[in-house]
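Trainee: First the structure, then my questions, so here it is.
Nothing in this text is a laboratory measurement; each read-out follows from the coordinates by a stated rule. Keep in mind that this is a model prediction, so the values were computed, not measured. Note that we place each Cβ from the backbone using ideal geometry, even for glycine, and neighbour counts take in every protein chain shown.
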Amino acid sequence: LAGRTKTLNFNVGVLGHVDSGKTSLARALSSTASTAAFDKNPQSRERGITLDLGFSSFTVDLPDHLRDAGGRQQYDSLQFTLVDCPGHASLIRTIIGGAQIIDLMMLVVDVVKGVQTQTAECLLIGELTCRRMVVVLNKTDLLPPNKRQAAIEKMTKRLHKTLESTRFKECPVIAVAAKPGGPEAPDTEEPHGVPELIELLKKQAYLPKRDPGGDLLMAVDHCFSIRGQGTVMTGTILQGSLAINDTVEIPALKVTDDYTVIGRNLFKKETNLQLFVGLKVTLSTGETGVIEGGFGQSGKFKIHGLRPETKLLLSSTSKKRGKGGSKGGAENEEEPRTEFQPVSIHLHFKRYVFDPHKKMIQR
């Protein structure tokens, strides 16, 4: 389309030791935040540490060295998506999960404390998962002004010595103060060194290899429920591609396809539907389906294994009951079928009282 801009997305992982200032740095850089960015989780705020992956972004003009890199796919701007990873050792699985999707690692180091335990672990993860790294010496505001530059140079030399035997030999090191005065300080004082860091990130950016062919491979970032809607899953596509109305198979959760329908009014919303998963139900159409699990938190549930014609009947029934249609029959004339019987669901089971797990068992 004419006038439509194309944006190249580049994922930057923000890793480092706990309390090195990763989240403050992500906040200082970002212009757009996701629902999980900047420790919005109440537990994160209460404990003062990052517990889950946080996502935020900012957009810059496309650097000159990327103008012809896209080939036929010409880009107009460059978006940096920051993946803010936890720093605590006990959350190493979450850190590894975040590292799977990054194109460049931003290793945040407390300039006063230097390389710490999780700093080294993050460095190892980076060696396994990404090609490039930038080291950010944070909290330079804690250094005495008259000794600041000397301390930064000393720490930079020490880091280059540490990185000599890694794939990130001679990687760039830059000094910043993402949150001068600490987390509790007012926001009146501007961060130091952030514009220079953005310029450095622009120079380090490259055209990531994205393979739109092959099987779909998606790294799941978050999974949460929305009342009345069901489960929402967000993630990053690493391989393959998706289009609206495509059918997606999630192996651990079985398959959601054209032979799955939603039932209602059989269970109360407080019912533990996990007790009924796998039980057979009989429809008034004469066929049998299997309860696959709950749908949302309203007592609705998924039934799998129905015939295509039953699915069509149910779709027609839902159209017949459509949204805000007139009662005079104008809509009804468009329907190929004029008489519909509600499709009812019957569940027959017995519970053995002596079963310690209270499992529902059918004959």
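Trainee: Here are some pairs, Lys6/Lys302; Lys161/Lys203; Lys6/Lys161; Lys6/Lys169; Lys139/Lys209; which of them have Cα atoms lying more than 29 Å apart in this structure?
Mentor: Working: Lys6/Lys302 39 Å; Lys161/Lys203 23 Å; Lys6/Lys161 40 Å; Lys6/Lys169 34 Å; Lys139/Lys209 34 Å.
Check vs 29 Å cut-off fails for Lys6/Lys302; Lys6/Lys161; Lys6/Lys169; Lys139/Lys209.
Trainee: Once amide H atoms are built 1.01 Å from N in the peptide plane, which residues 5 or more positions from Ala175, or in another chain, come under 5 Å H to H?
Mentor: Leu137
Trainee: Then there's this: For all pairs of alpha-carbon atoms in the stretch 96-220, what percent lies in each bin of width 10 Å, listed from the first bin to the last filled one?
Mentor: Histogramming the stretch 96-220 at 10 Å steps yields 11, 37, 33, 14, 4, 0 percent.
Trainee: Taking H placed 1.01 Å from N in the peptide plane, check which residues at least 5 places from Leu238 or on another chain put their amide H under 5 Å from its amide H.
Mentor: Leu217, Met218, Ala219
Trainee: Moving on. Per-residue HN-Hα couplings for the stretch 214-220, Karplus 6.51 cos²θ - 1.76 cosθ + 1.60 at θ = phi - 60°, whole Hz, x for Gly and Pro?
Mentor: Taking θ as phi minus 60°, the curve returns x, 5, 6, 10, 10, 8, 7 Hz for the stretch 214-220.
Trainee: Provide Leu25, Leu217 in ascending order of the number of other Cβ atoms located within 10 Å of each residue's Cβ, fewest first.
Mentor: Ascending Cβ contact count within 10 Å gives the list Leu217, Leu25.
Trainee: Got a sec to turn the phi values of the stretch 293-303 into Karplus ³J(HN,Hα) couplings, 6.51 cos²θ - 1.76 cosθ + 1.60 with θ = phi - 60°, whole Hz, x for Gly and Pro?
Mentor: x, x, 10, x, 10, 9, x, 6, 8, 9, 10
Trainee: In sequence order, what are the phi-derived ³J(HN,Hα) couplings for the stretch 129-139 according to the Karplus relation 6.51 cos²θ - 1.76 cosθ + 1.60 with θ = phi - 60°, rounded to whole Hz, with x for glycine and proline?
Mentor: The phi angles translate into 10, 9, 8, 10, 8, 10, 9, 10, 7, 9, 6 Hz.
Trainee: Further question: Cβ neighbours within 10 Å, averaged per peptide: list 101-114, 11-24 in order, most packed at the top.
Mentor: 11-24, 101-114
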